[in-house]
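Novice: Pasting in a structure now, in structure tokens, and then I'll have a few things to ask.
Nothing in this text is a laboratory measurement; each read-out follows from the coordinates by a stated rule. Just so it is clear, the structure is predicted and the values come from calculations on it, not from any experiment. Quick reminder, even Gly has a Cβ in these numbers, built from the backbone with ideal geometry, and neighbours come from all protein chains shown.
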């Protein structure tokens, strides 16, 4: 899944750097980041996997695609996993040819709203584009309207719904077309 032209470059904003996860990165630290980032969603009664997932679940989800992390100094402050299309998935949209998908997307609450999430998604989109994918999709809980609005502002459009096993909410599936030749770095 690695693409040498993407793997060798890094997106950076201020003192935050976006890169592929390394073998030396701590899965425990990544899991703690996910817990912090998803805690407000858990407080809303939304049982996202990342609210309380184990380190083993984090590692399994990292292995399901290409994981990028945002770092500030030595600290992990953001993450995203991009992959697909998949042969098996509960979300039918993620099975479509040409569709990449995003999962396990998180930014440390102290840095949310500062552009780190945009950089992570730009990096996921760049990977998908380089792999020849024609669109990138993601999903979020329907009651998390602030996230639906955030993705909409980034060009994602509502394309359907999915009901994940064991979740108390219905998810909104959103997708964004990936035009060829567009810049692969968010410059805003």
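Novice: Per Stokes-Einstein, at 20 °C and 1.002 mPa s, what whole-number D in µm² s⁻¹ belongs to the chain, with the Kirkwood radius over Cα pairs as the hydrodynamic radius?
Specialist: D, rounded to a whole number, is 130 µm²/s.
Novice: Only counting other Cβ atoms within 10 Å, I'd like 44, 174 sorted with the fewest neighbours first.
Specialist: 44, 174
Novice: Pull out the extension gain between residue 154 and residue 54, defined as 0.36 nm times the separation in residues minus the alpha carbon to alpha carbon distance; nm, one decimal.
Specialist: Extending this stretch completely gives an extra 33.0 nm.
Novice: Order these peptides, 124-137, 103-116, 160-173, by their mean beta-carbon neighbour count within 10 angstrom, highest first.
Specialist: Most protected by this proxy first, the peptides run 124-137, 103-116, 160-173.
Novice: With runs of 4+ DSSP H residues as the only contributors, calculate the mean residue ellipticity of the chain at 222 nm using -39,500 (n - 2.57) per run, divided by the residue total and rounded to the nearest 500.
Specialist: -8500 deg cm²/dmol
Novice: OK, next. Scale the Cα Rg of region 25-96 by the rule-of-thumb value 2.2 N^0.38 Å and send over the ratio, two decimals.
Specialist: 1.19
Novice: Starting with the fewest neighbours, write out 147, 33 ranked by other beta-carbon atoms found within 10 Å of each beta-carbon.
Specialist: Ascending number of Cβ neighbours within 10 Å: 147, 33.
Novice: Now a separate question. Which distance in nm do the two modelled labels at residue 146 and residue 95 give, with both placed 7 Å along the Cα-to-Cβ direction?
Specialist: With each label placed 7 Å out from Cα toward Cβ, I get 3.5 nm.
Novice: State the extension gain, in nm to one decimal, for the chain segment bounded by residue 167 and residue 130, taking 0.36 nm per residue of separation less the distance between their alpha-carbons.
Specialist: That works out to 10.0 nm of additional length.
Novice: Once you have the Cα-Cα distance between residue 26 and residue 86, take 0.36 nm times their residue separation minus that, and quote the gain in nm to one decimal.
Specialist: 18.9 nm
Novice: Ok, one more. Relative contact order of the chain: what whole-number percent is it, with Cα pairs under 8 angstrom and at least 6 residues apart?
Specialist: Contact order relative to length: 20 percent.
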